[in-house]
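S.K.: Let me give you the structure first, and then I'll get to my questions.
The values are calculated or read from the model by the stated rules, or taken from the named source; none is laboratory data. Here the structure is a predicted model, which means the values were calculated and not measured. Glycine also receives a Cβ, built like all others from the backbone with ideal geometry; neighbour counts cover every protein chain displayed.
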Amino acid sequence: MKADMNVIDFAELTVEPRELVADLPTGAARFDQRAPGFVATLVSGEVAFDRAEPTGAVPSRPEHPESILVRGPRPAPTERGWDRGA
């Protein structure tokens, strides 16, 4: 059985303002919002985030790697939408 867990310091828990960051494939933007007070995030028993910083641990891998949403560089959208090729 697997379980993920967040360790939270409720005395330090706050929410920071949203920030627009352009770090998605093709340079697309998304909103990011930090929440200081999260001490650690454990995934399958390994610390994946320590004080909101990634540790490099990637303990949960999908059973079917082809199901990963982003598999690498993608072409930029065309005028008619995403060009998925032939």
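S.K.: Scan segment 2-23 and report the pairs whose first residue is within 15 Å of Thr41 (Cβ to Cβ) and surrounded by 10 or more Cβ atoms within 10 Å (Cβ to Cβ) and whose second residue is at pLDDT below 95 and acidic (Asp, Glu), with Cβ atoms within less than 6 Å and a gap of 6+ or a chain change.
M.R.: From segment 2-23, no pairs qualify.
S.K.: Do you know which residues across segment 29-41 are among the hydrophobic types (A, V, I, L, M, F, W, C) and either modelled with pLDDT under 90 or in a loop (DSSP other than H, G, I, E, B) (or both)?
M.R.: Ala29, Ala35
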